[in-house]
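Participant: Pasting a structure below so you can have a look.
None of the figures in this text is laboratory data; all of them are computed from the coordinates on show. Here the structure is a predicted model, which is why all the values come from computation and not from measurement. Positions of Cβ are generated from backbone atoms using ideal geometry, with glycine treated the same way; all protein chains shown enter the neighbour counts.
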Amino acid sequence: MTGTDVVVHAAALKQVPTCEYNPIEAVKTNIDGAANIIDAAIDSSIEKVLAISTDKAVQPVNLYGATKLVGEKLFIQGNAYTGKDKTRFSVVRYGNVMGSRGSVLPLFLEQKKKNKLTITDERMTRFWITLEQGVRFAMNSLEKMKGGEVFVPRIPSMKVIDLAYTVAPEAEIKTIGIRPGEKIHEILITEEEARHSLEFKDFFIIKPEHPFWNINSLKSGKSLPENFSYTSKNNDTWLSKAELIDMLKKLGYDINTHD
C-alpha cells in the first residue's frame, strides 16, 4: 500500500460492564466517534478506512455489542456517502484478544495467587486471537479491501473453564453465574449473514447487502451452505491445552503447569 493513506479505527469503550454502567458515554465513543471518523476520512480524502469490530456486535445482548453493531453499519454504509471520491470503508470482526485490557486472562492470573478462580458458566465458549494475529489480520484486510466488506478470520475456540484449568490446574474453580449482558457462546457470522458471505482458506468475507460496486476480487471465494453459522460452539477448530500454553508463553506469561 505504498503511497496510500489509511486509517485503522480501533478506539472504543470496550468493557461490557463499563458500557452498561455509562451508556451515554458508550454511545458517544462507539457510535458518534465512528461517525466522526467517517466524516473526517471523507473530508480528508483518505483512501482506505478499516474499523475494528467484535463478535459481540453479532446479535448483541449488551450495550457494548449494540454500539459496535451500529458502528459496523455506519462504516459499511459510509461507502454510500463517498460518491465518486476515493475513500472506502470496511470492517474486521474477530473474537476475544487474549491478554488484552479487560480480558479474563489477567483476572485468572491474579486469582491464581489465591488458588481460587471464578467462572460464570462451565458451558461458556469463546473465540480466541492474539494481539499479533489481530494486527496481522487487519493489515491483510487493508490490502484486500475494496469497500463494504466485513472480514472475519478463522480462529479457534476454547471453553473458558479449560482456560482456567490450564492457567491454574490445582486451583479451586467456583461458578458464580452469568453476568448481565453475557452470552454462553459468541457468534461471528449469523445464518442471515452467511447467505451473502464467502469462504476463503483462512477467513470469511461478509459482502454488503447493497453492493456499491462490483467486487471482482472475490471470485475465488466459496459460497456457504444453507443454515451455516460461525459460532464459538460449532467451530471446527479448538485450542488444545498445549497450543494454549504455547500461546500464553509467546505472550510473555509464565505458565507453570504439569499433567
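Participant: Calculated from DSSP H runs of 4 or more alone, at -39500 (n - 2.57) each and per residue, what is the 222 nm mean residue ellipticity of the chain, nearest 500?
Facilitator: Value at 222 nm, helices only, nearest 500: -9000 deg cm²/dmol.
Participant: Another one. Please turn the phi angles of the range 13-27 into ³J(HN,Hα) values with the Karplus equation 6.51 cos²θ - 1.76 cosθ + 1.60 (θ = phi - 60°), one per residue in order, whole Hz, x for glycine and proline.
Facilitator: Once θ is set to phi - 60°, the couplings for the range 13-27 become 8, 10, 6, 4, x, 5, 5, 5, 6, 10, x, 5, 5, 4, 5 Hz.
Participant: Build a GNM of the chain with springs between Cα atoms under 10 Å: which of 164, 12, 40 gets the top mean-square fluctuation?
Facilitator: Residue with maximal mean-square fluctuation among 164, 12, 40: 40.
Participant: Report the extension gain between residue 120 and residue 165 in nm, rounded to one decimal, defined as 0.36 nm multiplied by the number of residues separating them, less their alpha carbon distance.
Facilitator: Using 0.36 nm per residue and subtracting the Cα-Cα distance, I get 14.8 nm.
Participant: Starting from the Cα of residue 101, step 7 Å along the direction of its Cβ; do the same at residue 25; then give the gap between the two resulting points in nm.
Facilitator: 1.2
Participant: A further question on this structure: What residues have an amide H closer than 5 Å to that of residue 118, excluding those fewer than 5 places away on the same chain, when H is modeled at 1.01 Å from N in the peptide plane?
Facilitator: Amide H neighbours of residue 118, under 5 Å, 5+ apart: 174.
Participant: Another question about this same structure. In nm, to one decimal, how far is the modelled label at residue 172 from the one at residue 132, with both set 7 Å along Cα→Cβ?
Facilitator: 3.7
Participant: What are the ³J(HN,Hα) couplings of the range 83-93, residue after residue, when phi is run through the Karplus curve with 6.51, -1.76, 1.60 and θ = phi - 60°? Round to Hz, x for glycine and proline.
Facilitator: Karplus-based 3J(HN,Hα) across the range 83-93 equals x, 8, 5, 8, 5, 10, 10, 9, 9, 10, 10 Hz.
Participant: With θ set to phi - 60° and the Karplus curve 6.51 cos²θ - 1.76 cosθ + 1.60, what are the ³J(HN,Hα) couplings of the range 179-192 in order, to the nearest whole Hz, using x for Gly and Pro?
Facilitator: 7, x, x, 10, 9, 6, 10, 9, 10, 9, 9, 7, 4, 5
Participant: Only Cα pairs within less than 10 Å get springs; with that Gaussian network setup on the chain, which residue of 230, 21, 94 has the largest fluctuation?
Facilitator: 21
Participant: For the chain, set up a Gaussian network in which alpha carbons nearer than 10 Å are linked by springs, and say which option among 220, 229, 90 fluctuates the most.
Facilitator: Of 220, 229, 90, the Gaussian network model singles out 220 as fluctuating most.
Participant: Using a 7 Å offset from the Cα along the Cα-to-Cβ direction at both residue 200 and residue 238, what is the distance between the two label points in nm, to one decimal?
Facilitator: It works out to 2.9 nm between the two label points.
Participant: Would you mind calculating the relative contact order of the chain from Cα pairs under 8 angstrom and at least 6 residues apart, reporting the percent as a whole number? Please report the intermediate quantities before stating the final value.
Facilitator: Numbers: 458 pairs, mean separation 47.3, N = 259.
Computed over the chain, the figure is 18 percent.
Participant: Using 0.36 nm per residue of separation minus the Cα-Cα distance, give me the extension gain between residue 226 and residue 85 in nm, one decimal.
Facilitator: 47.1 nm
Participant: Under 16 Å from a point placed 7 Å out from the Cα of residue 179 along the Cα-to-Cβ direction: which residues of the range 5-20 have their backbone N that close?
Facilitator: Under 16 Å, as judged by backbone N against the label point of residue 179, lie 13-20 of the range 5-20.
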